[in-house]
Amino acid sequence: MELIDIVIILDEHSIIISIDWKNEQLKKVYKNTWDTYINRHIESISDIRINKDIRNLYWKDESFIFEELKLPNNHDYLLLKRKDYKEYLYEQSLNKINEGIQIYDKNSCMVFINEASKKISSFSDDKKIIGKHLLDLYDLNEKYSTTLTSLRSKAPVINRFDAFKLKSGVEITSVNTAYPIFYDNNLIGVVTFDQDVNVINKEIEKNENIKKAMLEQGISFTDKVPDTYHFSDIIGKNKKLLDVVDLSKKISTQDCNVLIYGETGTGKEMFAQSIHEESRRKDKKFLAINCAAVPETLIESTLFGTTKGAFTGSVERAGLLEEVNGGTLFLDELNSMSLSMQSKILRVIQENRFRRVGGEKDIDIDVRFISSCNENPYKITESNLLRKDLFYRLSTVILEIPPLKNRIDDIETLIKYCLKQYQHKYLKRISHIDESVIAILKSYNWPGNVRELFHIVEYALNVIENDTWKISHLPKYITDSYNENSENMDSSNFEEPSGIYKNNLQYIMDNYESKILKKVLEHNGYNISRTADSLGIKRQSLQYRIKKYGIVV
């Protein structure tokens, strides 16, 4: 970008001697006209008006800021820069967007906030918020904050549900997405998009109106979603994973209700969609609702729909159950749904009918239910977080998806797949991965499973300089975890078993094995299958040892 667009050289009588063009675009458009001004007094030209107080030069409908330089040769130099309205255009454009937009610099200080975000956050127009640190504006959890997580990890954070407060005490509930911004491979800031219930409802209403208008113009809509998952999209060669895939394929055509159990990030919705696509309902809709992401006050109307006048502001609107009639409804993270709402779902399953909120008419439906839990369904049933009668209705078949830590043999395959998917998005191609990177990733515990692995691949694509993935391109928390585990495994930190010099070898080994089993069981929430998997032994073998050592599970 040129610092100066035009240089006008004047003699001591303000006669234009010459015009030097620094901006080629302006030169092409204006040179022929401006050349006629040479040898004329600048203030006698009717097209030009100069305001020296604010250092502005106006030419027809163009406006320039200028700096005047007087040189010893009695010549004046007017250094002109055309006023740039880009920033104003960008700001006004962003203010036209219904979705909230906030931009922060790398130090978490606010650079920009659009009108929609001001409304969501209840900021008044005259409140001085630009330049303030995020934590000076909001009372939130640093570790969970969408914006701070994106800055910290240098990777996108997509659709994170959050509830927090302003410093004034005003409570906010929103769904946020953040993208880090880089310049010359250096992080310079982050842009965050936020939506609250009002924004989402406005978008729904707007899209419904658009759809209605398009239908009136004869444009049809297919019920089938173009981008859906199939079993071929489930990546991995691990035997436990392949066993689950095989069982899923077998029950896809049976139309039974399915409960999918797996940790967060294992791909439960991918399995649910794949089952639907192999079923007799594949030509009907597949809809998913994240029971943890929808506020308790909205989930009933979201599922059942509303009748006009049922409550203030309610409209005549179909819920997901009506929309998905004939198809498949996926209840993700079912264990996050309240018990009262669970009882209403149970009634729908038993009777195959329901009523809209505030309605008096029964609506018959034919829906296949697939649900998921991110905790052991038997345990949460015993803990009264999931109704037993609902559990038995929904769990004709239970699919347990193995966590990534139990299928580390798939890590390289997943990385290659992810790199191929993202290479066009980031315009980068990684052709070599250091063995040390794979070793560190295989040693990690993966609490976020495949989803976390994909985030780490995106992180690498953001920070990598060439085509080689090195340890320096891993997030700090991954390398810190590896170093910490390495220190714990160091022989210098080995804790000498008690009684080592007083008892025989078998007693010492049994005593040590008992302690290890207790630790691993506790780490895995006393889940027998998961503990056996992590130790690389059979379930029956683990149960034998638990009984042998009298371990209480």
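Where a number appears in this text, it was derived from the coordinates with a stated rule and is not lab data. Note that this is a predicted model, so its numbers are computed, not measured. Note that we place each Cβ from the backbone using ideal geometry, even for glycine, and neighbour counts take in every protein chain shown.
A few remarks follow.
- 12 Å beta-carbon shell around GLN102, net charge (K/R +1, D/E -1): -2
- Value of [θ]222 nm, deg cm²/dmol, for the chain, DSSP H segments ≥ 4, -39500 (n - 2.57) each, nearest 500: -11500 deg cm²/dmol
- Averaging the sequence gap over all C-alpha pairs within less than 8 Å and six or more residues apart, then dividing by the number of residues, gives the chain a relative contact order of 9 percent.
- Cross-link pairs exceeding 20 Å between alpha carbons, from the set LYS237/LYS282; LYS143/LYS476; LYS405/LYS538; LYS249/LYS416: LYS237/LYS282; LYS249/LYS416.
- Antiparallel DSSP beta bridges within the chain, as percent of all bridges there, nearest 5: 75 percent
- Using a cut-off of 25 Å between Cα atoms, the listed pairs LYS212/LYS344; LYS96/LYS206; LYS202/LYS420; LYS60/LYS83; LYS250/LYS285; LYS154/LYS470 include LYS212/LYS344; LYS202/LYS420 as exceeding that distance.
- Charge sum, other residues only, whose C-beta stays under 12 Å from TYR477's C-beta, Lys/Arg counted +1 and Asp/Glu -1: +1
- Segment 1-158: C-alpha gyration tensor shape, a/c 1.5 cut-off, then a/b vs b/c: prolate
- Oblate is the label for segment 140-210, because the ratio a/c of its alpha-carbon gyration tensor axes (a ≥ b ≥ c) is 1.5 or higher and a/b is not greater than b/c.
- Label sites at LYS442 and ASP246, each approximated as a point 7 angstrom past Cα along Cα to Cβ, lie 2.5 nm apart.
- Summed residue charge, Cβ within 9 Å of ARG55's Cβ, Lys/Arg positive, Asp/Glu negative: -2
- Taking a ≥ b ≥ c as the square roots of the eigenvalues of the alpha-carbon gyration tensor, segment 326-450 is classed prolate because a/c is 1.5 or more and a/b outweighs b/c.
- Gain upon complete extension [TYR85, ASP20; 0.36 nm per residue less C-alpha separation]: 21.1 nm
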